[in-house]
1. Output the qualifying pairs, or none if there are none: Cβ atoms under 9 angstrom, residues six or more apart or on different chains, first residue in segment 67-81 and more than 18 Å from T24 (Cβ to Cβ), second residue assigned to a helix (DSSP H, G or I).
2. Given S48, S79, S71, which one is under 18 Å from T9 (Cβ atoms) and either of a type in the set (D, E) or exposed (fewer than 11 other Cβ atoms within 10 Å of the Cβ) (or both)?
3. Look through A94, A26 and report the one residue that is modelled with pLDDT of 95 or more, more than 16 Å from the chain's Cα centre (by Cα), of a type outside the set (K, R) and part of a helix (DSSP H, G or I).
4. Scan segment 94-107 and report the pairs whose first residue is closer than 15 Å to D39 by Cβ and whose second residue is among the aromatic types (F, W, Y) and modelled with pLDDT under 95, with Cβ atoms within less than 8 Å and a gap of 6+ or a chain change.
5. List pairs: first residue in segment 1-25 and free of Cβ contacts under 8 Å to residues at least 24 places away in the same chain, second residue among the aliphatic types (A, V, I, L, M) and part of a strand (DSSP E or B) anywhere in the structure, Cβ distance under 7 angstrom, at least six positions apart or on different chains.
6. Just the residues that are among the small types (G, A, S) and either touching a Gly at 6+ places or on another chain (Cβ under 6 Å) or farther than 15 Å from T4 by Cα (or both), please, taken from segment 67-89.
7. Of all residues in segment 28-45 being closer than 16 Å to I81 by Cβ and of a type outside the set (D, E, K, R), which is surrounded by the fewest Cβ atoms within 10 Å (Cβ to Cβ)?
8. Condition test on T12, is it assigned to a strand (DSSP E or B), more than 10 Å from the chain's Cα centre (by Cα) and not charged (D, E, K, R)?
Amino acid sequence: MNYTWRIDTVGTRNQVNHEGATLTDAIVEIRWVKVGTDDDGNVGEYVSTTLVDATTTPAADFIAYSDLTKSNLVSWIESSIPADEMNTINQAIARKIEKSQTTTRVFNQ
């Protein structure tokens, strides 16, 4: 299974960190989709939202909204999801792919 990430939206607001510095347009919410594609090209998706708290981020480490990359966002998402939960997400994607391959037919007598 090959996985990719799609970032749908991000929510921002100014946050004051533990140093008392105002972090302008800090990311506080990331709406994302993890997309799984199997070897046959079948696709399944898992949609969720990750909440982010910048209040513990030192001003020197803060990444301005204009400097953010998809890689930054995906890294924050992945670091917030425990391994067992990530396995559950991957299994849900696999089930969606499997379900999409099931053909339903109506039998008329």
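The values are calculated or read from the model by the stated rules, or taken from the named source; none is laboratory data. Since this is a predicted model, take the numbers as computed values, not measurements. All Cβ positions, glycine included, derive from the backbone under ideal geometry; neighbour counts span all protein chains shown.
1. E78/M86; I81/I89
2. Selected residue: S71, the only one of S48, S79, S71 that is under 18 Å from T9 (Cβ atoms) and either of a type in the set (D, E) or exposed (fewer than 11 other Cβ atoms within 10 Å of the Cβ) (or both).
3. When all the criteria are applied, what remains is A94.
4. Correct list of pairs: empty, since none qualify.
5. G11/V28; R13/A26; R13/V28; N14/L23; N14/A26; T22/V16
6. S79, S80, A83
7. Across segment 28-45, the extreme among qualifying residues is V33.
8. yes
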